[in-house]
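Beneath this line is the structure, given in structure tokens, with notes to follow.
The values are calculated or read from the model by the stated rules, or taken from the named source; none is laboratory data. These figures come from a predicted structure and were not determined experimentally. Note that each Cβ is placed from the backbone with ideal geometry, even for glycine, and that neighbours are counted across all protein chains shown.
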Amino acid sequence: MKKDKRSYILAKPSGITLEQHSSDVMSEMSDICQIFIGTCEKYKKLTGKDLAMRLSVSAKWHDNGKVCKKWQEACRKDFHNYQLWKQKHPDNSFKEYSYEKRNEAGCHLRNVGLRHEFYSLDKAVTTNMPISILAAIAAHHGKLGLGFEDKWMSNPSFKQFWNVFRKTSNDISEKENLTLVCDKLLEFDTIRGLLRFADHRASAKEDGEFVPQLSFFDYHFPFDDKRGIQKLVEDNWDNEILLVRAPTGAGKTDASLLWASRQIAAHKADRLVIAMPTRFTANALSVNVASTLSDTGLYHSSAWYSKYSKVQNGEMDMTEALAQQKMAKLLATPITVCTIDHLLMSLTFTQENHHLICSNLANSCIVIDEADFYDDFTLANILFLLKVLHKWNAPVMIMSASLPESALQLYRKAGFNIESILEDKDSDIYKKCFNIKKQIEYDNIQDINYLLEYCVDRGNAIIYLNTVDKAIKVYKEVKDLVLKSGKDIPVILYHSRFTEKDKQRKENMLLDNLGRKSWNNGTAKGIAILTQIGEISINISSELMITEVCPIDRLMQRAGRLCRFDNSVGEMYILIPYKDNTLYPAPYGSYSQSDKSWIPCKALLATMDILKRGIYSAQDLVNILNKVYAEETNFSIKAQTNVKALEQMFINNWLINPVEKWNDDDTHSNTWKSRDIGPQGTAFVINPKCMHFYNYSEYAEFVLSYSISLPVYLLDKGRKEHRIDSNCKITIGSNEPIFINVIREGFYTFDVGVDLTNNEEDNFL
């Protein structure tokens, strides 16, 4: 006779029994341990304990509090409601029931207000369970935080656990010993993060949802022969850190994959994390890596768009896309490409997920690509990250085309023993690759009109401008020149003030017209007008480049787009911008509020002083780089104060999450931020079709498709000039109405992006 499920101890209102759910979680734990071999070995070395055993115990006990009579009574009532609905919808799942009957589904459990994980602790107390497992049980629904202290204090039994957790946390934090904190974090967070991870995976499978398969890092070198830098990296893979300098196009990406494969084969790591300076560079690299490797994750503030666009096009199911995005966020894919901000934010522990992210980070090998792309503010944050990674014995590789010798002194401060920067001296670094034909001082666009005409005559060129507004001005002028010439030459403007959808279209256009394939088949033509986001994110080339002057490390990246796919010598013209007979260095410097002018940074002035007309090789640029950045990086007071706040959050929040809680994509807290940028706001390129959004998910889809992040001062400027409307009122769910910024018709186009410039301005800022 078939037994009624009601006679069993339930784990969920869907009817899943506690016995079944515990078994499912234990099964997930077993799979995790088989994949994360390096994690298990590192845990054994650190604690002397068997991670698989501890995970099994945590899985067995994590939901035992659900046997509580009141909890079971409430759960059975919810299960009964679901069964009644199921009779009318026999082919539908509990998830569909929850969506249709969101107020009814699970209502009795919500009303009873019992935290089952608290009761689980109460049942486990007699087992002499280590506190690391108790903490994992307490946290597996994100309630081990100061924001839930009142719930812990409401019951004498729970209060005693809370006091133990607080004391454990304080005993470690008060010592302010980074090594001790890092060790305790790994001991606790490996169990804490993986229990939550396994629990979510098991629950998703029980609900019939798509769950990405856990897989090993699997990389096979795609070429017959290894290049110089690839051989060097492979020969030195066992160093605790590698600093690698190689010109653009030298094969650094595959060198990093070779290095990672050796680390993972030796069980020094389980996964590879590649941190990029911007989301644009992360996008580009993820595409390149994914072409030779499966299971590559991409995560940053706008990474979801690449998944969401596939959903919209019918290429991927929404559930599958969301699941894959979550895996990347948690650094659980064999390779994750992300921004450095995502890693830095995880050190704050302002989200429960940060504990698993940190655990996965500690058990990964980490590549910090284009390491020179940061100012001292962000670099100070990165140095703290490196100190933590060193304590965790995580292999690190730092690489860039423009890494100065002085970087050795900086990265040694993180505790690493570094003898030298790896560089392939037998490569093409001595080959002459471009010719600086002329340096031109200019105050307005008419001063350089003849150069723009030359670009049109040549039919292919890359033009770098240092600000978006200048890029827009030059774009409009070049478009007019092309129109007057009667030639069929694509002119493509690419900067940060486009929607995610339009950025992708722009990138595709650039690659189609000036990418490797077009040069190989002889169809390359077009004029690309770029700002800084085009320095390291787009794999394009031209025979001619016009660029505004910039620090040598930035110029090296730009020069890497000259004759990128052949051995010819490209032409470069350098523009030196002036305003009112004064050097206009924005953004390479600081803005003086008192003088209402820009003060150039030392690196820009030094570059201008050294750089002359003539033919240059990659080695020539490295020599200039070492002169410009001869001195060790000295962090500003602002940078030091900021990174100290990060360190304090890391030390104080290692076990108990703070009250403050931030969104997934935030890169700041109340006291700390990853980058020193001004306040940002959001503007939309269209009015929403409906002023009411059913929920935040629906609103998020609108944000994803039609929003642009802009500095607050630009939003203010747009409103004053009636180019941005701030009176558009929307509602989300049952919340109070909010006002959003909408760019008025005509001031956003696919060609130009957001255009907040004034046509009458002679000096384009």
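Data table
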{"item": "Checklist (1) within 20 Å of S58 (Cα to Cα); (2) touching a residue at least 12 places away in the same chain (Cβ under 8 Å) applied to H200, failing item", "result": "(2)"}
{"item": "Matching entry among S636, S590, S669 (being among the polar types (S, T, N, Q) and either touching a Cys at 6+ places or on another chain (Cβ under 8 Å) or on the phi > 0 side of the Ramachandran plot (or both))", "result": "S590"}
{"item": "Answer from F349, F373 - the residue that is of a type in the set (A, V, I, L, M, F, W, C), over 17 Å from E187 (Cβ atoms) and out of contact with any Cys (no Cβ under 7 Å at 6 or more places or on another chain)", "result": "F373"}
{"item": "In the range 349-394, residue modelled with the lowest pLDDT [restricted to those that are assigned to a helix (DSSP H, G or I) and aromatic (F, W, Y)]", "result": "F373"}
{"item": "Of the criteria (1) under 28 Å from V742 (Cα atoms); (2) surrounded by fewer than 17 Cβ atoms within 10 Å (Cβ to Cβ), which one G486 fails", "result": "(1)"}
{"item": "Residue match in the range 212-229 (condition: assigned to a helix (DSSP H, G or I) and surrounded by 18 or more Cβ atoms within 10 Å (Cβ to Cβ))", "result": "yes"}
{"item": "The range 250-271 residues that are in a helix (DSSP H, G or I), paired with ones that are of a type in the set (S, T, N, Q) and at pLDDT 90 or above (beta carbon under 8 Å, 6 or more apart)", "result": "D254/Q230; A255/Q230; L258/Q230"}
{"item": "Residue within the range 483-492 that is at negative phi, in the same structural domain as I552 (by TED's automatic domain parsing), in a helix (DSSP H, G or I) and hydroxyl-bearing (S, T, Y) present", "result": "yes"}
{"item": "Test result for H342, in a helix (DSSP H, G or I) and under 17 Å from T667 (Cα atoms)", "result": "yes"}
{"item": "The range 603-635, subset among the small types (G, A, S) and touching a residue at least 60 places away in the same chain (Cβ under 8 Å), residue farthest from C433 (Cα to Cα)", "result": "A630"}
{"item": "Checklist (1) over 19 Å from E370 (Cβ atoms); (2) part of a helix (DSSP H, G or I); (3) touching a strand residue (DSSP E or B) at 6+ places or on another chain (Cβ under 8 Å); (4) of a type in the set (K, R) applied to K638, failing item", "result": "(3)"}
{"item": "Residues of the range 505-526 classified as farther than 30 Å from D375 by Cα and either of a type in the set (F, W, Y) or in contact with a Leu (Cβ under 9 Å, 6 or more places away or on another chain) (or both), total", "result": "6"}
{"item": "Those residues of the range 433-474 which are in contact with a helix residue (DSSP H, G or I) (Cβ under 8 Å, 6 or more places away or on another chain) and in a loop (DSSP other than H, G, I, E, B), in sequence order", "result": "L465, N466"}
{"item": "Checklist (1) aliphatic (A, V, I, L, M); (2) buried (at least 21 other Cβ atoms within 10 Å of the Cβ); (3) farther than 16 Å from R196 by Cα applied to I37, failing item", "result": "(2)"}
{"item": "All positions within the range 126-177 that are under 26 Å from M29 (Cβ atoms), free of Cβ contacts under 8 Å to residues at least 12 places away in the same chain and either exposed (fewer than 14 other Cβ atoms within 10 Å of the Cβ) or not assigned by TED's automatic domain parsing to the domain that holds R196 (or both)", "result": "T126, N128"}
{"item": "Any hit, the range 407-418, residues being touching a residue at least 40 places away in the same chain (Cβ under 8 Å), aliphatic (A, V, I, L, M) and closer than 30 Å to L452 by Cα", "result": "no"}
{"item": "Selection status of D676, in a helix (DSSP H, G or I) and over 30 Å from S132 (Cα atoms)", "result": "no"}
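Yes/no matrix, rows are residues, columns are (1) hydroxyl-bearing (S, T, Y); (2) at pLDDT 95 or above; (3) not in a helix (DSSP H, G or I):
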{"position": "D78", "(1), (2), (3)": "no, yes, no"}
{"position": "K86", "(1), (2), (3)": "no, no, no"}
{"position": "Y97", "(1), (2), (3)": "yes, no, no"}
{"position": "A105", "(1), (2), (3)": "no, no, yes"}
{"position": "N111", "(1), (2), (3)": "no, no, no"}
{"position": "K123", "(1), (2), (3)": "no, no, no"}
{"position": "M129", "(1), (2), (3)": "no, no, yes"}
{"position": "I137", "(1), (2), (3)": "no, yes, no"}
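Quick grid of which residues meet (1) assigned by TED's automatic domain parsing to the domain that holds L583; (2) surrounded by fewer than 19 Cβ atoms within 10 Å (Cβ to Cβ); (3) in contact with a strand residue (DSSP E or B) (Cβ under 9 Å, 6 or more places away or on another chain):
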residue: N393; (1), (2), (3): no, yes, no
residue: M397; (1), (2), (3): no, no, yes
residue: A401; (1), (2), (3): no, no, yes
residue: P404; (1), (2), (3): no, no, yes
residue: A407; (1), (2), (3): no, no, yes
residue: I421; (1), (2), (3): no, no, yes
residue: K425; (1), (2), (3): no, yes, no
residue: Q439; (1), (2), (3): yes, yes, yes
